[in-house]
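What follows is calculated from the coordinates using simple rules that are stated; it is not laboratory data. Model, not experiment: these values are computed from the prediction. For neighbour counting, all protein chains shown are included, and Cβ atoms are generated from backbone atoms with ideal geometry for every residue, glycine included.
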Amino acid sequence: MSHTTVTLDGADAVELAELLEFLNDWLHSDDVAASYGRFTFGLLTVGELRADLCRFAFLLGGNNHHYLDEKAEW
């Protein structure tokens with residue numbers, strides 16, 4: 001399988017990281033979390049999704065690096 005390199009303009013990467021951080025914060029809401037659980041049938045927890053969003057935001061240069069701490073509360 002070949003590896004494809006994708007590049008983003010710096011401003012686009014920042015905007016995408018901010019969007020991921022927004023989604024992570026939004027999912028922290030109890031109302032949204034309950035709806036998400038029904039929508040996904042519990043196959044992926046909100047905590048798992050939030051961890052992925054934070055990791056992707058961090059890789060794009062986002063500032064939520066503290067979420068990468070294994071002891072972080074989701």
Query raised in the report: In region 10-68, how does Rg compare with the Kirkwood Rh, expressed as the Rg/Rh ratio over alpha carbon atoms?
Result: 1.02
Requested in this report: May I ask you to list the GluC sites (Glu not before Pro) in region 1-60 that are in a DSSP loop and have at most 15 other Cβ atoms within 10 Å of their Cβ?
Outcome: none
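Given a Förster distance of 25 Å, report the FRET efficiency between PHE39 and SER2 from their Cβ-Cβ distance, rounded to the nearest 0.05.
With a Förster radius of 25 Å, E is 0.15.
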